[in-house]
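Derivation of every value follows stated rules applied to the coordinates shown; laboratory data play no part. Predicted model, so just to flag it, every value in this text is computed and none were measured. Heads up, the Cβs are rebuilt from the backbone with ideal geometry, glycines too, and the neighbour counts pull from every protein chain shown.
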């Protein structure tokens, strides 16, 4: 595994790569932004890093190819369809439609909760006044 760490004035960028040439290409791309220092490390990193990077490659909407879809709802729908597909594959492997039902419901609940959370965060970031009417009124009483 290879690590490229670039130090900028206000932040640090760290990426891990399995392929050496991908790491070199990223290092060259980072160099184009004039960092203060770039460190290229070669070696073995913790399994946790590998798992987190694998998770982010699939589930992080900033890293996976679904990030090219501008509409959040369409992106969520595509993730739901992929989740259902994996539920069906898992059910075939286990050989049980009961496993499919449990797995499908679990995926629907998990992805819906993630979508609601992201939607709430985006609304709070873009339109914080939307939440202004909740809670106590100007006099301290509920309206």
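Size of the range 61-133 from its Cα atoms: along the principal axes, largest to smallest, the extents are 50, 29, 15 Å. You can think of it this way: the chain between residue 124 and residue 57 has 21.5 nm of extra reach, that is 0.36 nm per residue less the Cα-Cα gap. Once each part is reduced to its C-alpha centroid, what is the distance from the range 44-117 to the range 6-38 in angstrom? One Cα centre to the other: 29 Å.
Using 0.36 nm per residue, how much length does the chain from residue 50 to residue 68 gain when fully extended, once their Cα-Cα distance is taken away?
4.0 nm
The calculated 222 nm mean residue ellipticity attributable to helices in the chain amounts to -18500 deg cm²/dmol, summing -39500 (n - 2.57) over DSSP H runs of n ≥ 4 and dividing by all residues. Working from label points 7 Å from Cα in the Cα-to-Cβ sense, the residue 42 to residue 86 distance is 3.3 nm.
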